[in-house]
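Peer 1: Sharing a structure with you now.
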Ligand code: SF4
């Protein structure tokens, strides 16, 4: 139950007086309650937990962190001795 | 998908691991609070990438695991009442109560339904006015906004047949309890990212200062977890004890203000028993008096139930980081995800299930 998954807002509408959105999760679309995200707009990424959007994914911060990670490697070139890991893309983001 | 695969990059994971090895000079014990992080660590083999000095202690952050036995027994009793539709997140169904689980009650004829969201339960209530619909409202601060909204909507829609059995738990009091418990070994915390998406992290600086413990807000993808560990170790090595946000793309200091407002309106802080751990003061939420009519524990007169925990199960020690799951004698033998003795073997976020599901620890347990 604890999964929270990022997805992209495709549509925003109202149902029973509540702000709702159609959110795309890597190809699967679901209706999600946007009551807690009054400012979210179509095209934004959001993290969804048990049918509710709880936060917006800050794209700038996402890129900044990745750039920082990549830089880590630039400072340190000698990974010859390290064995590569086979990463399984984790498609679930728990809470 | 965007922001998932990027944060699973194996090459960068190696770089972060290298960095961690470089800065580590002595043994440190870190606790990842959230079961979702435990799951990510075991699934992605992050523990195997770390230098031997770094020990990860798996925290109690699995709501399915810590929901008190008495409440599971109450749920079983309510679910078995005629006319009730009992709705729950799927992983609660196999959590052992004193004598059975919800799955068993369902097979005995009770109307137990798995829902994805508490709003599904509200919809069922609207569509079945002649039935009593009860939702099992468990979870940490991440799940609480959804449950609070479900109760609010039930009131707005004038539903008289919807109620919630509430057992919410809170992270900061659990950190406090761990730090003050005798024999505590935890020296730094990886705090649960999505809890902080909702709550922000303004609650943590006093905790970090009071206990001299670094707290790093950490996400769930492999690189997020590695970076959380890297930052925690860097703090420990340099003698700092700060609150750091390593999950900036989804967490800010204040959190989700709209959600916090509704949470305060619907819930009040209460003492809460954690399964396997005991009562932690002010560590949970229950419904405010103004919403008591939606409290299933009030609506259904559930008797004072005598609980009975399996004597074989050591989940309390596992949840407090005193025992690794594979050190439990029943692990993989009497206790498996198909026949769990304790709640930590049920949910995929439970430490015992994470150890079992990825297989790596089964031989170790046999060898012991
Ligand atoms: S392996 Fe099973 S019996 Fe042992 S602590 Fe975990 S849940 Fe309990």
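The values are calculated or read from the model by the stated rules, or taken from the named source; none is laboratory data. Predicted, not measured: the structure shown is a model, and the values here were computed from it. When we count neighbours, we look across all protein chains shown, and the Cβ atoms used for this are built from the backbone with ideal geometry, even at glycine.
Peer 1: Determine which member of the set B:144, B:148, B:154 is within 12 Å of another protein chain (Cβ to nearest Cβ), within 13 Å of residue B:284 (Cα to Cα) and crowded, with 24+ Cβ neighbours inside 10 Å.
Peer 2: Among B:144, B:148, B:154, only B:144 is within 12 Å of another protein chain (Cβ to nearest Cβ), within 13 Å of residue B:284 (Cα to Cα) and crowded, with 24+ Cβ neighbours inside 10 Å.
Peer 1: Okay, moving on. Determine whether residue B:343 is modelled with pLDDT under 90, under 18 Å from the mean Cα position of the chain (by Cα) and crowded, with 22+ Cβ neighbours inside 10 Å.
Peer 2: Yes: the conditions hold for residue B:343.
Peer 1: Report yes if residue B:329 is under 27 Å from residue B:32 (Cβ atoms), surrounded by fewer than 23 Cβ atoms within 10 Å (Cβ to Cβ) and at pLDDT 90 or above, otherwise no.
Peer 2: Criteria met by residue B:329.
Peer 1: Specify which of the listed residues (A:21, A:51) is facing chain B (nearest Cβ under 7 Å), within 29 Å of residue B:126 (Cβ to Cβ) and crowded, with 19+ Cβ neighbours inside 10 Å.
Peer 2: The match here is A:51.
Peer 1: Restricting to the stretch B:220-246, and then to whatever is modelled with pLDDT of 95 or more and in a loop (DSSP other than H, G, I, E, B), can you tell me which residue is surrounded by the most Cβ atoms within 10 Å (Cβ to Cβ)?
Peer 2: Selected residue: B:246.
Peer 1: Which residue is farthest from residue B:318 (Cα to Cα), if the candidates are limited to the stretch B:179-219 and must be out of contact with any strand residue (DSSP E or B) (no Cβ under 8 Å at 6 or more places or on another chain) and crowded, with 24+ Cβ neighbours inside 10 Å?
Peer 2: B:199
Peer 1: Which numbered condition in (1) more than 21 Å from residue B:168 (Cα to Cα); (2) touching a helix residue (DSSP H, G or I) at 6+ places or on another chain (Cβ under 6 Å); (3) near the ligand (Cβ under 8 Å from one of its atoms) is the only one that residue B:315 fails?
Peer 2: Exception for residue B:315: condition (1).
Peer 1: Right, here's the next one. Hey, could you check the stretch B:338-356 for residues that are more than 14 Å from residue B:276 (Cα to Cα), within 14 Å of chain A (Cβ to nearest Cβ) and assigned to a loop (DSSP other than H, G, I, E, B) and say which is nearest to the ligand (Cβ to nearest atom)?
Peer 2: The residue in question is B:346.
Peer 1: Right, next: Looking at the stretch B:205-226 only, could you name the residues that are more than 14 Å from chain A (Cβ to nearest Cβ), in contact with a helix residue (DSSP H, G or I) (Cβ under 7 Å, 6 or more places away or on another chain) and without any contact (Cβ under 8 Å) to a residue 40 or more places away in the chain? Spell out the reasoning first.
Peer 2: If we filter the stretch B:205-226 for residues that are more than 14 Å from chain A (Cβ to nearest Cβ), which is where we start, we get B:205-215.
After this cut, where a residue has to be in contact with a helix residue (DSSP H, G or I) (Cβ under 7 Å, 6 or more places away or on another chain) as well, the list is B:207, B:211, B:213-215.
Across the stretch B:205-226, the qualifying residues are B:207, B:211, B:213, B:214.
Peer 1: Looking at the stretch B:26-49 only, could you name the residues that are surrounded by fewer than 23 Cβ atoms within 10 Å (Cβ to Cβ) and out of contact with any helix residue (DSSP H, G or I) (no Cβ under 6 Å at 6 or more places or on another chain)?
Peer 2: Across the stretch B:26-49, the qualifying residues are B:26, B:27, B:29, B:43, B:45, B:48.
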